[in-house]
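One structure is given here, and the rest of the page talks about it.
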Amino acid sequence: MTFIPSLFSLILTLIPMTSTVDPSSRPFVDVTDAAALQEATRVLAEEVKVAARPQTYVLIDLPANTILLKGRGIELHRIPIKHWSTSDQHELVMTFRLKERPPVARRKIDPSISPEQEPISLADMPTAYSLQFTPALTITLDSYGQASLWGMAAHFVRQWWRLVIKWWRAIWTEANSAVAPELDLTVSVDDAQSLAWMLTDGMPVLIRRPIH
Amino acid sequence: MKQAIQTLYPGLISLVLLLTLAQSSGLSSPDASAAPPKPTDPATLRQLQGRYYSLSRQLAQLMPGQPYILVDTARNHLYIRHRDRVMLDALASTGSGTILDKPGEAQSQWVFDTPRGEFFVQSKLTNPVWVKPDWAFIAEGLAVPKNQAERMEPGVLGEYALGFGKGYFIHGTLYTRLLGKNVTHGCIRLNDEDLKSVYRLAKVGTPIMIF
């Protein structure tokens with residue numbers, strides 16, 4: 001058990017290194033940069049198709065570290081990303097559709113007791129979850145609050161565990177076998193719950209990738 | 001041996017954590033093969049710029065030119081926006097998210113959510129009368145009446161109601177103390193003053209974005 005103090009001191013030492021995202025950063029496209037322009041144009045072309053239909057959709061803007069909920073091209077809600085990583089970013093080039101929103105524990109009305117039941121709220125939403133899409137894509141949402149040391153420790157343990165699973169898969173899976181792309185996102189606890197609340201089954205998701 | 005393991009263990013954990021953080025921070029350099037080819041030809045660049053501006057215009061044309069209604073069901077707020085301007089910010093009540101079993105139908109339930117997505121104002125009513133659906137009686141432990149007249153309840157929806165499909169309305173409420181909470185069966189409740197503003201500003205066809 002001698003490693004526990006060193007583990008926590010290491011986590012505390014590394015925390016400032018992980019705060020790499022400027023929350024005020026805005027999407028920016030350098031129109032003189034052909035590669036950036038090509039990527040922005042690809043996403044715009046997809047967005048025009050998606051926004052033409054009466055629906056809300058999500059745009060994950062990785063260069064701007066932002067998740068945007070949009071409808072008809074209008075920004076409805078904005079969530080800053082604390083960290084992200086992806087296994088295979090050249091696969092993230094299409095419109096993905098969410099298979100199922102994160103499960104919610106709903107309260108049942110019992111007429112024999114009282115018609116008034118405690119409603120669900122943001123606090124009932126999960127803070128860490130995995131989303132499956134068609135075509136195949138897995139987005140893992142994780143969160144931690146700066147104020148909660150325990151929450152941060154739990155977040156790093158989950159990160160570490162996912163990495164172990166990935167290594168395990170990489171070792172035991174043949175190099176040529178098709179593996180669905182994965183995108184790991186870390187946001188604040190409130191934002192993870194907020195995103196779980198606003199997602200709907202079949203919701204389209206677009207991803208803008210970094211170029212440089 | 002045991003001592004050696006105890007010495008190595010923190011180092012191993014540190015290494016794993018460092019690798020985890022390096023991966024999770026997004027700082028790891030992107031796969032170079034993932035980046036699209038980098039054309040340097042000025043003509044190609046101009047062509048790309050032209051397509052980018054054209055698509056930007058197409059997207060802008062999809063945005064509503066008229067005021068639209070935006071509802072945040074998590075925070076229970078209704079906004080009327082016109083382009084970047086907020087014309088109204090009203091405290092609302094939206095769906096409770098609770099469920100109620102349908103009697104006599106196994107595995108079938110009512111889910112009291114406010115629907116999310118994009119909708120349109122389909123109807124504008126003055127002095128609406130609530131026609132109580134089956135669930136309103138069942139939730140109170142009452143028998144569902146056979147006579148339609150027994151379902152009519154005037155005065156509980158306020159002076160106006162704006163329908164946006166499948167029986168969902170933006171309407172008034174007697175329970176103004178519950179504004180700001182998720183307490184409804186899916187409709188969106190407002191106080192009298194805000195309801196009047198929404199009725200005045202919205203037309204049939206006004207977009208309603210709910211998230």
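Every read-out reported here was derived from the displayed coordinates using simple, explicitly stated rules and does not represent laboratory data. Bear in mind that the values here come from a model prediction, so they are computed numbers and not experimental data. Here the Cβ is made from the backbone with ideal geometry for all residues, glycine too, and neighbour counts use every protein chain on show.
Only lysine pairs 8 or more places apart or on separate chains count here, and in the range B:68-210 those with Cα atoms under 29 Å apart total 21. For B:Ala136, the shell of other residues with beta-carbons less than 11 Å away shows a net charge of -1, using +1 for Lys and Arg and -1 for Asp and Glu.
Ignoring solvent entirely, what values of log10 I(q)/I(0) come out of the Debye formula for the range B:144-211 at 0.20, 0.21, 0.24, 0.28 Å⁻¹ when each Cα is a single scatterer? With no solvent term, the Cα-only Debye profile gives -0.91, -0.98, -1.18, -1.38. A DSSP coil position with no more than 16 other Cβ atoms inside 10 Å describes the following GluC sites (Glu not before Pro) in the range B:147-208: B:Glu159. The relative contact order of the range B:68-210, computed from alpha carbon pairs under 8 Å that lie at least 6 residues apart in sequence, is 34 percent.
Mean per-residue shielding of peptide A:34-47 is 6, counting Cβ atoms of other chains within 10 Å of each Cβ. So what is log10(I(q)/I(0)) for the range B:68-210 at q = 0.09, 0.11, 0.20 1/Å, when the Debye sum runs over its Cα atoms only? One equal scatterer on each Cα of the range B:68-210 leads to -0.28, -0.41, -1.26. Under conditions of 20 °C and 1.002 mPa s, the range A:109-168 yields 145 µm² s⁻¹ as its translational diffusion coefficient, taking Rh as the Kirkwood radius over Cα pairs in the Stokes-Einstein equation.
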